[in-house]
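K.L.:
Below is one structure. I have some questions about it.
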Amino acid sequence: MRRVWGFLLGLAFAVAGLAAGAQAETPTKLKIAGVLSAGKDAPWEASFIASMNRVIAAKPHGLAIEVNYTENVYENAEQVFRTYAETGEYDIVFGDTAYADAIEAVKDEFPETMFVMSGSGNRGLGGNAYWVFLHAHEPAYAMGMLAGQLTKSNVIGAVSTFPAEDTNDQINAFFAGAKEVNPAIKKKITYIQSWYDPAKSNEATTAQIAAGADQIFEMSGAFEVCQQEKIGCYGNYVDTAPYAPDAIVASTIVNWDPHINWIIDQWWQVKTAGGEFNAPMEAKWFTWQEGAGDLVINPTYPVPAEALKVVEEASAKIQSGAKPVELNLEEATSD
């Protein structure tokens, strides 16, 4: 009997030792696939890659991170996600836009793979499908305060792609900021109904200028018209001043860093503590205070000192939490 108990006790210690050893084998590497809806030079995609590069350099959890990208993915998204997962090499397949349908079709086949979708047009899927959202409405509000002070016609425009939640948030905040400093302004809103169409962008911008707009939030990128017509324009996602240095007043910046770090933290927790992926059904997003965005003012644009002071003071209050900015996702309309 003593031999039996001794054997069982020894077996228990051995199993415990194996379990402890397995838990001690924490990951040292992380391989990510980046599924991009457009080319790497497009502002949205460029902001994602810049953030990913910063995260790679920071080595969260001491991880050596490798990322491979596939560009211009939209129609064949399901196949791209499936191909990455089938290799068994990628821990996270990170999509930069509305890929809920594609991810839903493949996620249950690859429960060990973490899938990520971003922005509007998605829905909570749970399990191993995570959803992040980038709201840049807070810096957009401060940027609108610039436009409200700089306009001479009191007509301010916005030319955007689609009336999606992650465009509406910025547009509504931009005009709310403009109206705080200048209640007399009138809004001109145009959605070109395309994610990328330079001809439509130029046409819409030209029409708004003809209607009196002298400050325009250019979310669809018609910066050449701004430069030619010598009006103040505003960009987003990245610093757009290099595209039209004489016309760009400021740009809202999208930083994916906290979102990427959160995703990696979720992956790390599962891989080190055990269990299964358990994504929230709601989108995860971060504030300006948490590093999710920024406002960059073109240093070569002649912004009056008093106007700059107003924006800097408001920005400080927003980032500290002392000045809340409403997250308004409704489709914006012209006055």
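K.L.:
Check whether at least one residue in region 22-32 is aliphatic (A, V, I, L, M) and at pLDDT below 50, and report yes or no.
P.N.:
Taking every residue of region 22-32 in turn, at least one turns out to be aliphatic (A, V, I, L, M) and at pLDDT below 50.
K.L.:
Go through (1) buried (at least 22 other Cβ atoms within 10 Å of the Cβ); (2) within 23 Å of His135 (Cβ to Cβ) for Val106 and report which single condition fails.
P.N.:
(2)
K.L.:
Another question about this same structure. Just one of Glu313, Glu276, Glu306 is surrounded by fewer than 17 Cβ atoms within 10 Å (Cβ to Cβ) and part of a loop (DSSP other than H, G, I, E, B); which is it? Even if it seems obvious, please write down each step before you answer.
P.N.:
Numbers: Glu313 fails: part of a loop (DSSP other than H, G, I, E, B); Glu306 fails: part of a loop (DSSP other than H, G, I, E, B).
None of the other options fit; the residue is Glu276.
K.L.:
Does region 83-112 hold any residues that are touching a helix residue (DSSP H, G or I) at 6+ places or on another chain (Cβ under 8 Å) and of a type in the set (A, V, I, L, M), and which are they?
P.N.:
Within region 83-112, Ala85, Ile92, Val93, Ala102, Ile103, Ala105, Val106 qualify.
K.L.:
Just to be sure before I move on: is Glu89 part of a loop (DSSP other than H, G, I, E, B), surrounded by fewer than 23 Cβ atoms within 10 Å (Cβ to Cβ) and not aliphatic (A, V, I, L, M) in the structure I sent?
P.N.:
Details: part of a loop (DSSP other than H, G, I, E, B): yes; surrounded by fewer than 23 Cβ atoms within 10 Å (Cβ to Cβ): yes; not aliphatic (A, V, I, L, M): yes.
Yes: the conditions hold for Glu89.
The values are calculated or read from the model by the stated rules, or taken from the named source; none is laboratory data. Source: prediction; values computed, not measured. Cβ coordinates were reconstructed from backbone atoms using ideal geometry, including for glycine residues, and neighbour counts include every protein chain displayed.
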